[in-house]
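K.L.:
Here it is, the structure in full.
The values are calculated or read from the model by the stated rules, or taken from the named source; none is laboratory data. Quick caveat: nothing in here was measured; it's all calculated off a predicted structure. Using ideal geometry, Cβ is built from the backbone for each residue, glycine included, and neighbour counts are taken over all protein chains shown.
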Amino acid sequence: MNLLIKGGRVIDPSQGIDGTFDILVENGLVKEVGSMLPAPAGTETVDAAGLIVTPGLVDMHVHLRDPGLEYKEDIVSGTKAAAAGGFTTVACMPNTKPVNDNKAVTSYIIAKAQNEGVVNVVPVGAITQGSKGEALAEMGDLKEAGCVAVSDDGHPVTNSELMRRALEYAKGMGIMVISHAEDLSLVGDGVMNEGFTATELGLKGIPWAAEDAAVARDVYLAECTASPLHVAHISTAGSVRIIRNAKARGVKVSCETAPHYFSLTDDAVRGYNTNAKMNPPLRGAAAVAAIKEGLRDGTIDAIATDHAPHHLDEKDVEFNIALNGIVGLETSLPLSLKLVEEGVLTLPALVEKMSCNPARILGLDRGTLKVGAVADLTVIDPNAAWTVTAEGLASKSKNSPWLGEPMKGGAAYTIVGGKIVYQR
Amino acid sequence: MGFKHKDIIGLQGLTREEIELLLDTAENMKEIMGRDIKKVPTLRGKTVVNLFYEASTRTRTSFEIAAKRLSADTINISASTSSVTKGETLSDTARNVLAMKPDIIVMRHAASGAHHYLAQRVSCSVINAGDGAHEHPSQGLLDMLTMRQKFGRLEGLKVAIVGDITHSRVARSDIFGLTTMGAQVCLAGPPTMMPPGIERLGNVVVCSDMREAISGADVVMMLRIQLERQGKTLLPTLREYARYYGLNPEKLKLAKPEAIVMHPGPINRGVELSSYVADGDQSAILTQVENGVAVRMAMLYHVSGGELPTA
């Protein structure tokens, strides 16, 4: 099917485009970007007047829970949630059951996503076998099978020597290492950010230094090995500062943050709200300001959701035993658009962080509307008004801190390979 | 004024008038405890479930005696002998207990916030008998009652609380209650046991030296070192702890001559308190225990919305 997307504000930072244009899609590829384009016979037209047309959004950090934990999410429901959130590509973390540390699991994910998924799924393999932090996973095989990066996400590689070798080995295999930066000895049995709120609630705190110390270690290991490193879900002022300094001296480091780290503080935990329990934990107002500054000055390359679906039974418990994480695919875009309203980012800069940069970091041929590129597009309605409800979320799990909250903005159309996979 | 709350989850958020009402009622209850027949029919026909997920002797017994003195039927459930050992969730336990139509659940739980969770899910009243490191409101009230009995007031008292503040639900309830009532609270303890931002909880001063905290104090509250929680990183040795943060007669001289010494128990003798202090003239520890029953009677009475105990 061919498509003509007419009269939208086209923002494509990969080409420096920001203006009102039409986009013609033929055979799943971008055929032409221009003005007043005629629609060839048999072309479906999408009226994008008043809407924003961008390269398809890329979420470089999601948990699809498939295989093994399908009661929380699976590749079908997860990719539907992604499409509803405006994402055309998602990178899924390896903490499945079994762990994605071998070709067989990677192949399963890719095959199921191709057959049943509605958006592109690119798997992230494990750094270590079983993500146990003991022995390197077969990164060559993982890459050959289709993994775009390796990470033990959810678990830091605590052994510094092993992390050093992982960076070196991955570099040789041409695959990116994504660090889950957390010093577990400092985390202890903490369950939320260390600070006044934790003191008042009587909950064990996790100091910001637990993240900073681990980010610093991994940045120095990346520098020492001259290997590229991507740091996942940063949440502290220290992480921003360490990565900013590292970039300034030429270390090949990139990083992401998630919408909750620039939208909420640890005050959200009040009432022992388990939907505000995540890892790393929500921090204080100063950290939120530092994350926004990191986004503004380019230290933070990408906005990822860390979409972490959990079943109600895993959240409807005492705070200290509730599992970490929230669903994020369907709320990421409106929360991120707030950064534009607040003047933290321009719209093109936001598109870079939600599409071009994650695609570039993962080495994907996405994040662009160049002629000949695969026609993955997101058409954004910046004024769409909606409310987050459990019933309205496409994800199987409903663990969102924004349930009942009004949102402004969202995907009007999500287009993957020239096919409309979601329409508001 | 009446007591408007269905539950008592903590002293945080209670007004001065509400705390005064609970303390005044406890004084009335003490009068009942002085009678030959220490029982009134106030809660006759009411069922109180003591749901204890953590080991406890004095608090559970105190609540049970309190309920019985008000003629309530009491049932004790402890986690070690309940379906919790079969993996039952708190939510399911709550539903099952509620199906038996209790009027009041008194719960102790190791998780901070467990009572908040429970109170949102049950229609009966919930009384917190200690949740993790969050609150222990009956202990806070009995501490305040003991102080008020000694000094006739709470406003303007200097109360030193010494020890492991981070893990102490007693400290939090004392801080919330005492600062609401106009007392000044001085905290001291090893920095490894002092949680960040604690001074923002009210009229609270953190002292670097225990001597500074207890100097001129009306009340010295010594907290229990929870040997089971300390691990090996918060303290080098109990010997050193006792030397720097333990209370002995010499240090006690820094407090006002009429000062009282309190401790929520159980005491680690020779660690927080020397036996000379624990058993000395200034010790109010057993008064605290006695007041505990009266305070718990007052709490049960007010959440049940019963009539005044005149019989």
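K.L.:
Here's a check for you: in region A:187-216, which residue that is under 27 Å from the mean Cα position of the chain (by Cα) and β-branched (Val, Ile, Thr) is surrounded by the fewest Cβ atoms within 10 Å (Cβ to Cβ)?
P.N.:
A:VAL187
K.L.:
So, in region B:85-117, how many residues would count as being facing another protein chain (nearest Cβ under 10 Å) and part of a loop (DSSP other than H, G, I, E, B)?
P.N.:
The qualifying residues number 5.
K.L.:
Out of the residues in region B:175-184 meeting the condition of being without any contact (Cβ under 8 Å) to a residue 60 or more places away in the chain and within 14 Å of chain A (Cβ to nearest Cβ), tell me which one is surrounded by the fewest Cβ atoms within 10 Å (Cβ to Cβ).
P.N.:
B:THR179
K.L.:
Here is a further query. Within region A:156-204, which helices (runs of 4 or more DSSP H) (wholly inside it) include 1 or more residues that are more than 13 Å from chain B (Cβ to nearest Cβ)?
P.N.:
Fully inside region A:156-204 and qualifying: A:160-173, A:184-187.
K.L.:
Go through the residues of region A:297-315 one by one and say whether even a single one is among the polar types (S, T, N, Q), closer than 19 Å to A:GLY154 by Cβ and surrounded by fewer than 20 Cβ atoms within 10 Å (Cβ to Cβ). Quick ask: steps written out before the conclusion?
P.N.:
Initially, region A:297-315 is screened for residues among the polar types (S, T, N, Q), giving A:299, A:305.
Restricting the remaining residues to those that are closer than 19 Å to A:GLY154 by Cβ gives A:305.
If we keep only those that are surrounded by fewer than 20 Cβ atoms within 10 Å (Cβ to Cβ) as well, we get none.
No, region A:297-315 has no match at all.
K.L.:
May I pose another question? From the list A:VAL148, A:VAL124, which residue is of a type in the set (A, V, I, L, M, F, W, C) and under 24 Å from A:LEU323 (Cβ atoms)?
P.N.:
Every option except A:VAL124 fails the conditions.
K.L.:
Looking only at region A:89-96, decide whether some residue is more than 23 Å from A:LEU323 (Cα to Cα), at pLDDT 95 or above, in contact with a helix residue (DSSP H, G or I) (Cβ under 8 Å, 6 or more places away or on another chain) and not assigned by TED's automatic domain parsing to the domain that holds A:VAL416. Outline the logic, then answer.
P.N.:
Filtering region A:89-96 down to residues more than 23 Å from A:LEU323 (Cα to Cα) leaves A:89.
From the residues that got through so far, the ones that are at pLDDT 95 or above too are A:89.
From the residues that got through so far, the ones that are in contact with a helix residue (DSSP H, G or I) (Cβ under 8 Å, 6 or more places away or on another chain) too are A:89.
Then keep just the ones that are not assigned by TED's automatic domain parsing to the domain that holds A:VAL416; that gives A:89.
Yes, there is a match, as at least one residue in region A:89-96 is more than 23 Å from A:LEU323 (Cα to Cα), at pLDDT 95 or above, in contact with a helix residue (DSSP H, G or I) (Cβ under 8 Å, 6 or more places away or on another chain) and not assigned by TED's automatic domain parsing to the domain that holds A:VAL416.
K.L.:
Tell me, yes or no, whether region B:35-53 has at least one residue that is within 14 Å of chain A (Cβ to nearest Cβ), touching a residue at least 12 places away in the same chain (Cβ under 8 Å), within 17 Å of the chain's Cα centre (by Cα) and under 30 Å from A:ALA322 (Cβ atoms). Steps first, answer last, please.
P.N.:
Restricting attention to region B:35-53, the residues satisfying the condition of being within 14 Å of chain A (Cβ to nearest Cβ) are B:51, B:53.
Restricting the remaining residues to those that are touching a residue at least 12 places away in the same chain (Cβ under 8 Å) gives B:51, B:53.
Within this subset, residues satisfying the condition of being within 17 Å of the chain's Cα centre (by Cα) are B:51, B:53.
Narrowing further to those that are under 30 Å from A:ALA322 (Cβ atoms): B:51, B:53.
Taking every residue of region B:35-53 in turn, at least one turns out to be within 14 Å of chain A (Cβ to nearest Cβ), touching a residue at least 12 places away in the same chain (Cβ under 8 Å), within 17 Å of the chain's Cα centre (by Cα) and under 30 Å from A:ALA322 (Cβ atoms).
K.L.:
If you take the residues in region B:93-144 that are among the charged types (D, E, K, R) and in contact with an Asp or Glu (Cβ under 6 Å, 6 or more places away or on another chain), which one is surrounded by the fewest Cβ atoms within 10 Å (Cβ to Cβ)?
P.N.:
That would be B:ARG108.
K.L.:
Among what's in region A:156-179 and is without any contact (Cβ under 8 Å) to a residue 40 or more places away in the chain and under 22 Å from A:PRO280 (Cβ atoms), pick the residue that is nearest to the chain's Cα centre (by Cα).
P.N.:
A:VAL157
K.L.:
While we're on this one: Give B:ILE65, B:ILE32 a once-over and let me know the one that is assigned to a helix (DSSP H, G or I), more than 14 Å from chain A (Cβ to nearest Cβ), within 16 Å of B:VAL295 (Cα to Cα) and modelled with pLDDT under 95.
P.N.:
None of the others qualify; the one that does is B:ILE32.
K.L.:
Same structure again: Kindly indicate which of A:ALA135, A:ALA181 is in the same structural domain as A:GLY271 (by TED's automatic domain parsing), in contact with a strand residue (DSSP E or B) (Cβ under 9 Å, 6 or more places away or on another chain) and buried (at least 24 other Cβ atoms within 10 Å of the Cβ).
P.N.:
A:ALA181
K.L.:
Can you confirm whether A:THR54 is surrounded by fewer than 23 Cβ atoms within 10 Å (Cβ to Cβ), at pLDDT 95 or above and at negative phi?
P.N.:
no
K.L.:
Consider region B:145-160. How many of its residues are surrounded by 19 or more Cβ atoms within 10 Å (Cβ to Cβ) and more than 16 Å from B:GLY265 (Cα to Cα)?
P.N.:
Residues that pass the stated criteria total 8.
K.L.:
Pick out the one residue from B:ILE198, B:ILE161 that is at pLDDT 95 or above and within 12 Å of another protein chain (Cβ to nearest Cβ).
P.N.:
B:ILE198
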